[in-house]
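Read the figures in this text as sums done on the coordinates, not as results from a lab. This is a predicted model, so every value here is computed, not measured. Neighbour counts run over all protein chains shown; Cβ positions are idealised from the backbone, glycine included.
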Amino acid sequence: MSDAVFLLERAVLNGLAGDAPLPELLRRLAEDIEAILDDVRVSIQRIDGHGKLRAGASPSLDPDYLALIEGESIGPKAGSCGTAAFIREPVVVSDVRTDPRWENYKTLGDRFGFRACWSFPVLGDRREVLGTFALYRAEPGLPDAEEQGLIARCAELVHLIMAREQRQAEIDLLRRGFDRSLVPMLLIDDSGRIDLANPALCRLLGIATAQLRGQSLMSLIGLVERLEVLEELQAIIKQNLNWHGELAMLDADGAAVPLDVMVTPIGNDHRDVAHFMVSLTDLRERLRAEAELERLAFHDPVTGLPNRSLFEDRLSMALATSRRERQHGALLFVDLDHFKMVNDLHGHSQGDALLVAVADRLRLSLREEDTVARLGGDEFVVLCSRLGADPLVAARRARMLADKLVAELVQPLQIRGHSHALTASVGITVFPKGLETGEDLLREADTAMYRAKESGRNAVALFDPQMQSVLRERDALERDLRQALQRREFALHLQPQVDQDGRVCAAEALLRWQHPERGNVPPLNFIRLAEECGLIVPLGDWVLEQVCTWLARCATAGRPLHMAVNVSVRQFREPNFLARVEQILRQSGADPLHLTLEVTESLLIDDAEASVDIMSALAKLGVRFSIDDFGIGYSSLSYLRRLPLREIKIDKSFVQDIVDNADDAALVQTMLSMAKHLRLTVVAEGVETQAQRDLLCQWGCQRLQGYLIDRPSDGALWVERWLAASVAAPP
């Protein structure tokens, strides 16, 4: 029998080497085993992915029997084959009539002429069940020792056949995945030559698979980069290591394609590495996105000029270079005069187009080595280096350049059918003067620019040491302002508003600062500074908290009153402004219906959509909105119609001359007429004479505020008088 087994093994190995199909190999093996053993019928079953029996090769079993067990699930009582597959161990049944594992199938033995069934599971490399090998006998009994040895050898042969099929299926699956993958991939041998390239890689490089096969991987890498990575990749291949890096490959046109590359060694059954998988990721989109992000991070999105961040970096380098080379440079601060009117009258789109044109003019007017940047809004800065070793010469050259810029900007610009003639105020500071920083230079140039505006605009001013006192005073005031907030040096005054009959109907909260050394600091001197340094936000919160506390107290005492609070643009633009107002109202218990927030027209122009959303949300709570200093901005009627406004306040600059100035009188009457059309209440500010009051009442102004009515006074005392019902009536 040993010779027969040897021939059996050789036949199987020859069949495997000849790449014969699985069904044929299994059929030949089953027939050869039946020829060796007397009175046996061979059954080879496969197990599918769902744990069910599937036909393999059973040349002598009745087809009806095979049909009955086809698709049966494996289990502890699923006959010899089903049970062997389930427990992964041989199941030798001497008599199917009495064995409990055949309980559900015992009638089949008599029906199809078998009594004994010996089954062996066929396991894969990972001990997964591939199938079963079984012998059926017509008479009950167990295999003898020789038969057991033969059965074990035959089961191994079945394993060889099925394992080959399994590996081939896995290879086919991997190949399909390789070909269908959207990730570009290459398979290279240990010499670096390409064995396989998937379609995704061919699409990436525009090269056909046939052209790639057999090429060296290095031939796809540019010459310069090839020299850089050749030694590294050779070491990777030699040492069978993973590698991850970035390099560029050449496409069909010779263009470099930047790629993220991963090289993975692939070992065989003996763990010898003969191939490497190379997977690639196209980096062009990522690099473009990174370049765009970097551009946006350091360049103004409207004009494309360097932004503040990039400019400050260049300014610091220029300052260091000037000190090292003992050369002087200059920083020019350029502010467009009345640019806000362009946005107000023509819209932000027109304004942005004009800013682009201004940026182009500035660029064309400068030397190639000079830098122009946009800080924001209508503010530009120009950095000029190497203007001379003599600071006076450098200042003169900077002044000439500034005059040139002013002259260039005043020339009309045609933008989308509109002609714009701009003027600019320019401040200059020369550097280095000592140990100043880039921030110091920006502040000096800014100070000089404001001096140019004070001189009538469309002008140039050079920073001089005398301006240092202005800067020092501003710094000192800012320090005092910060301390004042901590020391609670601020106070709120209230100024009443009355109707035409003289009845108090509201009061405006006005912020006052009593400095221990400076005395009473006028609001004009510190409000703008508070906005610039960000302190207006905590100041505004404090004012709102105090006013809401008073509102709640008045309502509780049965003397409800409306109070108005000024809200700065900076405070309104805070991301949590809406939530903060809601929180203060809730915590204080104030009725939102009694609170009026006064905003300026500039708030309505800049980012109108956001303004509408925030104001509408607060208006739903009951908060009233008023436009403060109406008439000195440039808001359009279309904006006013969209906003949840309840009133407008006519600025005192229009009120003060209405008695003697016909133009001012006409303007005020126009405002009143417009407000009536929009169903808005009107408050006239700065009413100081009886004649002014009489005219305003005659024209239909509903509310009056000013020294004629009452001067602002300490808010806490005013509230006490109000609660005592002794607030003085106006004359």
Value of relative contact order over the range 496-723, rounded to a whole percent, pairs C-alpha under 8 Å and six or more apart: 18
Alpha-carbon centroid distance for the pair the range 483-511 / the range 146-167, whole angstrom: 100
Positive minus negative residues near HIS562 (Lys, Arg vs Asp, Glu; Cβ under 13 Å): 0
Nonlocal amide H pairs with GLU508, under 5 Å, H built at 1.01 Å: GLN495, GLN497, ALA564
Expected 222 nm ellipticity per residue - DSSP helices of 4 or more, -39500 (n - 2.57), all of the chain, to 500: -15000 deg cm²/dmol
Sparse-neighbourhood loop sites, chymotrypsin sites (Phe, Trp or Tyr not before Pro) in the range 671-731 - DSSP loop, at most 14 other Cβ within 10 angstrom: TYR707
Across LYS340/LYS404; LYS453/LYS676; LYS340/LYS433; LYS453/LYS652; LYS340/LYS620, pairs whose alpha-carbon gap is larger than 26 Å: LYS453/LYS676; LYS340/LYS433; LYS340/LYS620
Angle between the chain longest axis and helix 223-239 axis [Cα atoms, degrees, rounded to 10]: 40
Inter-centroid distance (Cα atoms) of the range 94-135 relative to the range 651-710, Å: 108
Segment TYR450-LEU364, length gained on full extension (0.36 nm per residue, minus Cα span): 28.4 nm
Of the trypsin sites (Lys or Arg not before Pro) in the range 199-307, those whose Cβ has at most 11 other Cβ within 10 Å and which sit in DSSP loop: ARG271
Mean Cα-pair separation over length for the chain, i.e. relative contact order, pairs under 8 Å, 6 or more apart, %: 6
Note, ³J(HN,Hα) from phi for the range 178-186, Karplus 6.51, -1.76, 1.60, rounded to Hz, x at Gly and Pro: 4, 6, 8, 4, 7, 8, x, 9, 10
Sparse-neighbourhood loop sites, trypsin sites (Lys or Arg not before Pro) in the range 322-428 - DSSP loop, at most 13 other Cβ within 10 angstrom: ARG326, ARG367, ARG416
Longest site-free stretch - the chain; sites: GluC sites (Glu not before Pro), DSSP loop, at most 13 other Cβ within 10 Å: 129-367
Folded to 0 to 90 degrees: helix 308-325 orientation relative to the chain principal axis, Cα: 80
Straight-distance crosslink candidates among lysines, where the alpha carbon sits under 20 Å from LYS52 and sequence neighbours closer than 8 are dropped: LYS77, LYS106
Relative contact order computed over the range 495-592 (Cα-Cα under 8 Å; 6+ residues apart), in percent: 28
DSSP bridge pairs, the chain: antiparallel proportion in percent, nearest 5: 80
Total formal charge among the other residues, if their Cβ is under 12 angstrom from that of ILE650, Lys/Arg +1 and Asp/Glu -1: -3
Along each principal axis, Cα extent of the range 295-465, largest first, Å: 49, 37, 24
Rg(Cα)/(2.2 N^0.38 Å) for the range 2-176, N = residue count: 0.99
The chain: radius of gyration over Cα atoms, expressed as a fraction of 2.2 N^0.38 Å: 1.70
Note, ³J(HN,Hα) from phi for the range 426-440, Karplus 6.51, -1.76, 1.60, rounded to Hz, x at Gly and Pro: 10, x, 10, 9, 9, 9, x, 10, x, 10, 5, 9, x, 5, 4
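Report the net charge of residues surrounding GLU31, where surrounding means a beta-carbon distance below 13 angstrom and charges are Lys +1, Arg +1, Asp -1, Glu -1. Before the final figure, lay out the partial values.
Working: positive: ARG27, ARG28, ARG41; negative: GLU24, ASP32, GLU34.
Here the charged neighbours net out to 0.
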Using θ = phi - 60° and Karplus 6.51 cos²θ - 1.76 cosθ + 1.60, couplings along the range 544-556 (whole Hz; Gly, Pro as x): 5, 4, 5, 5, 5, 4, 5, 4, 5, 5, 5, 5, 5
PHE625 long-range amide H proximity, modeled H, under 5 Å: LEU597, ARG646, GLU647
Under-5 Å amide H pairs with THR423, H placed in peptide plane, nonlocal only: ASP337
